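Here is the structure we will look at.
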Amino acid sequence: MAERSKTELEKFPNLVTMFLTRARERSGRPFLSRKVDGKWQSISYAEAARHVAALADSLRRMGLKPGDRVMLVSENRPEWLVADLGIMAAGCVTVPTYITNTTRDHQHILANSGASAVIVSTQKLAKNLLPAVLFASECRHVISIDDIITGQSPDVAHFHHWHDLIAGGSDIAELERRMAAVTREDLACIIYTSGTGGAPRGVMQHHGMILHNAEGCTDVIANDFGWDDEIFLSFLPASHAYEHTGGQHFPISLGAEIYYAESLEKLAANIEEVRPTIMVVVPRLFEMLRAKILKQVEKDGGIPAYMMGRAMSIESKRYSGRSVPWDLPMDGILSLTLRRKVRKKFGGRMKAMVSGGAPLNPDVGLFFQAMGLPMLQGYGQTEAGPVVSCNRPTAGIRMETVGPPLKNTEVRIAKDGEIMVRGEQVMQGYWHNIEESERVLKDGWLATGDVGHLDDKGRIVITDRKKDLIVNDKGDNVSPQRVEGMLTLQPEILQAMVYGDRQPHLVALLVPDPEELKGFQDDPEGMQRALSKAVDRVNADLNVIEKVRRFILADEAFSVENEQLTPSLKIRRHVIGGVYGERLDALYKR
C-alpha cells in the first residue's frame, strides 16, 4: 500500500468500498492466486475489480434487487471472493454454504433465506444443489462457474454461465458512486450455523460487523508485528465465518495477496511454495504438523532429537518465567539451526499463525513457540463477526487464554460466568428467528454461551461452554440433538449420545431397543450388525461433519436413577462422559 507507516485501518462505509479502494491503490499487483496445471496463476486487484463490477451489473440486469439473497456454493478459489464481492456490489446479500451440505441442507437454506439466485462452482457440487433448487419457490437463477451438465434444464430457474456474466466492460466509477449509499449497518451476508435445536440458523452479518473485525485484526498486526506486503494462504472453508472474515476480507483490508491451497494433502507443500506471512488456521492443522515434525525428529534421532528437547525445555522455562542466563548460548544456536529449518518448512517469513474455531491445546501452542513460529489463539463465534479476542505479544501471550478483546470490543462476565460481548461486531440477529435472536441478544450484549473470566491482564480465559454444541477439531459446529434425534428414530435404537468435541469426527454411545432386538440378546455380533445398519441409514441423510463413524453400546439405559438423565429426561452429557469417556476416546485410536 502507499502508506506503510499506518498503524490502524481507515474507516470504510462497506466491504465493497474497502475492496475498490485497495484495488485502486494496488491496481496491477497480484490479488488472488490458484494453481492451474501445476503453476500458480494470479489475477490482479484491477482485474478482480472489473469482474466484481461486471458481475454486479449482470445480477442487476437479471432483475435482482437490493436486499435479495444469493446463495454461494463453491470450494475456495478466486471466483468465490469475486462472487461474494459482486453479490454485495449489486446490493444483494451473500448466503455462503458448505460444500459438504446435503440436498436437504440446501433445501432448508434456500427456503429459509428465500434466495433469488444461486452460484455453484462445479458439476460435483451441482449434484446435491440442483434437486433442492427444484423445490425452492424463490430461486429463479442458477449461475455455474465451471461447465455443468443438467441433462434437461428445469423450467423453475434460468441458467447462466459465470464467464458470460463477468465479460465486457463495467463502469467502476459508477459502482463506487452507487456503493456510497451502502452503510455499515446494511446487511452483507447471512451465514448459517448449527443451533441447539438442530436446524441451521442464519446469522445476519452487516458490513460494519466484518469491518470491525478487520479493523481490530489490523490493529494486532500493525502494532505487534508490523504491516507490510502480506501474503495469506487460504484453505479453511470460505463459507465459515472465521475464514470469510479472517482469510478473505481481512487480507483485503491489508491490501494483501491471497493464495488458495490445492488441498489439505498438499497444504504443507503449498506453504513452502507460497511462503505466507499470515495464516488463519484451526488447531487440528497444528496438531497434524506437530506430529509430522516430531515423527521426523524421532526418525533422525541423535542431535536433532537432543536439540528439539532443549528447544522445548528453554521455551517451557521462558513461558513459566524461569529463564536462566546459561541457556542463552544454546538458544542462539537453536535459532540458527533447528528453528531456521522448521521456519523454512513454513516458508521462512511467517509473522503469525492465528488459531481459532476450536480450543487449542496449550502444549501444541508452546511447541510452535519453541520452534520460533508466533502462535496466536483467538476466540469468537459467527454471531460476533466472528472474532472477539486474540492473543498478542504486547499483552503477553498465555496459551491458556484467548487474549484480550479486539479494539473497540467490550467484554463482561455475567453473574453465572457467561461471557457477554458488546460492539459493532455483534450480529443484528438470526434471519427470520426472533425468538432465538431475543434469547442471545440482551440490551445490546451478545450472550456467547461460553463460560469464563478475565485474568489480571484483561485476557479472556474460557472454562466451559453453556451452549450444547460439539465443536470438532476443524472448528465446525455440530448440533448433537439433531443427530441423536435421527438415531433414536430408528427402531433398533432406544437412546443415543454422540461425542466428538475437538475430534476429527463423531462417534456414538447407543442403547439398543430391547424389544426390537430381543432376538439378538445372545448374539452380540448380530446386534452389532443390526445397529450398524441403523446408523448407516441415518448417515445417509447427514452431511460429512455429522456422520457417526463408530459406536459402542451402553452398559445400561440412561435414566434419572443413574443420574444420566435430568428430571425432564434430557441426557446429562458430563455424567455420561465421565462413565464412558475413555471407551469413546478409544474409538479414535482404532
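If you take the beta carbon distance between residue 400 and residue 185 as r and set R0 to 45 Å, what does 1/(1 + (r/R0)^6) give as a FRET efficiency, to the nearest 0.05? Walk me through the numbers on the way to the answer.
Values: r = 37 Å, r/R0 = 0.82.
Calculated transfer efficiency: 0.75.
Roughly how far apart, in whole Å, are the Cα centres of the range 112-139 and the range 406-460?
Using only Cα atoms, the two centres lie 34 Å from each other.
Fewest Cβ neighbours within 10 Å first, please rank 227, 40 accordingly.
Numbers: 227 22, 40 14.
So the ranking, lowest neighbour count to highest, is 40, 227.
Which value at 222 nm does the chain reach when only helices count, each DSSP H run of 4 or more adding -39,500 (n - 2.57), with the total divided by all residues and rounded to the nearest 500 deg cm²/dmol? Show your work: numbers first, answer last.
Numbers: 19 runs with 216 residues, N = 590.
Calculated mean residue ellipticity at 222 nm is -11000 deg cm²/dmol.
Can you list the residues, at least 5 places off or on another chain, whose amide H is less than 5 Å from the amide H of residue 72, using H built in the peptide plane?
95, 97, 119
Taking residue 518 as the anchor, which lysines have their alpha carbon closer than 17 Å to its alpha carbon, excluding any fewer than eight residues away along the same chain?
533
Quick one: Cα convex hull volume of the range 100-214, Å³ per residue? Intermediate results must be reported in sequence, preceding the final value.
Details: hull volume 17.1 nm³, N = 115.
Here the figure is 148 Å³ per residue.
Normalise the Cα radius of gyration of the range 444-525 by 2.2 N^0.38 Å (N = residues in it) and let me know the number. Walk me through the intermediate numbers first.
On the way: Rg = 18.6 Å, N = 82, 2.2 N^0.38 = 11.7 Å.
Scaled against compact globular proteins, the figure is 1.58.
Any idea what the alpha-carbon Rg over 2.2 N^0.38 Å comes to for the range 326-439? Don't skip to the end; give the middle numbers.
Values: Rg = 18.5 Å, N = 114, 2.2 N^0.38 = 13.3 Å.
Working it through for the range 326-439, the quotient is 1.39.
Rounded to the nearest Å, what's the spacing between the alpha carbon centres of the range 476-539 and the range 292-313? Just the number, please.
Rounded to whole Å, the Cα centres lie 43 Å apart.
Output wanted: per-residue J couplings in Hz (rounded whole) for the range 434-448, from phi through Karplus 6.51 cos²θ - 1.76 cosθ + 1.60, θ = phi - 60°, x for Gly and Pro.
5, 4, 5, 4, 5, 5, 9, 9, 10, 6, x, 9, 8, 7, 6
For the range 375-394 and the range 555-585, what is the separation of their Cα centres, given in Å?
The range 375-394 and the range 555-585 have Cα centres spaced 33 Å from each other.
In Å, what Rg and Dmax follow from the Cα atoms of the range 529-590?
Using the Cα atoms of the range 529-590, the pair Rg, Dmax is 13.6, 36 Å.
Quick query: amide H of residue 192 versus all other amide H atoms, modeled in the peptide plane; which residues come in under 5 Å with a sequence gap of 5 or more or a different chain?
Excluding prolines and chain starts, which carry no amide H, the hits are 203.
Within the P(r) computed for the chain, what percentage of the Cα pairs occupies the region above 41 Å?
Numbers: 47318 of 173755 pairs.
Percentage above 41 Å: 27.
If only Cα atoms are counted, what is the Rg of the range 479-589, and what is its Dmax, in Å?
13.3, 37
At a temperature of 4 °C and a viscosity of 1.567 mPa s, determine how fast the range 1-128 diffuses translationally according to Stokes-Einstein, using the Kirkwood radius over alpha-carbon pairs as Rh; express D in µm²/s, rounded to the nearest whole number.
Stokes-Einstein gives a translational diffusion coefficient of 81 µm²/s.
Go through the range 348-362 residue by residue and turn each phi into a ³J(HN,Hα) via Karplus (6.51, -1.76, 1.60, θ = phi - 60°); whole Hz please, and just put x for glycine and proline.
x, 9, 5, 7, 7, 10, 9, 9, x, x, 7, x, 9, 5, x
Give the residue from 562, 552, 504 lying farthest towards the positive end of the charge dipole for the range 479-589; charges sit on Cβ (+1 for Lys and Arg, -1 for Asp and Glu) and the dipole is referred to the Cα centre.
Selected residue: 504.
Holding the Cα-Cα limit at 31 Å, pick out from 35/407; 415/570; 127/266; 341/407; 317/466 the pairs that are longer than that. Before the final figure, lay out the partial values.
Working: 35/407 36 Å; 415/570 25 Å; 127/266 26 Å; 341/407 35 Å; 317/466 35 Å.
Going by Cα-Cα distance, 35/407; 341/407; 317/466 fall outside the 31 Å limit.
Spelling out what I want: for every residue of the range 451-466, take phi, set θ = phi - 60°, compute 6.51 cos²θ - 1.76 cosθ + 1.60 (Karplus), and round to whole Hz; glycine and proline get x.
Per-residue couplings from phi come out as 10, x, 8, 9, 7, 5, 9, x, 8, 7, 10, 9, 10, 6, 10, 6 Hz.
Please list, ordered by chain and number, the residues whose modelled amide H lies under 5 Å from the amide H of residue 451; skip anything fewer than 5 residues away on the same chain.
Residues meeting the criterion, in which the H sits 1.01 Å from N, are 419, 463, 464, 465, 466.
So what does log10 I(q)/I(0) come out to for the range 223-262 at q = 0.15, 0.27, 0.31, 0.34 Å⁻¹, using the Debye formula with one equal point on every Cα and no solvent?
So the normalised log intensities work out to -0.34, -0.92, -1.06, -1.15.
Quick one: net charge of residue 519's neighbours, Cβ under 15 Å, K/R +1, D/E -1?
Result for the local shell: -4.
Arrange the following residues from fewest to most other Cβ atoms within 10 Å of their Cβ: 366, 64.
With the sparsest Cβ surroundings first, the list reads 366, 64.
Read-outs throughout are calculated quantities, based only on the coordinates presented, and are distinct from any laboratory measurement. Note that this is a predicted model, so its numbers are computed, not measured. Note that each Cβ is placed from the backbone with ideal geometry, even for glycine, and that neighbours are counted across all protein chains shown.
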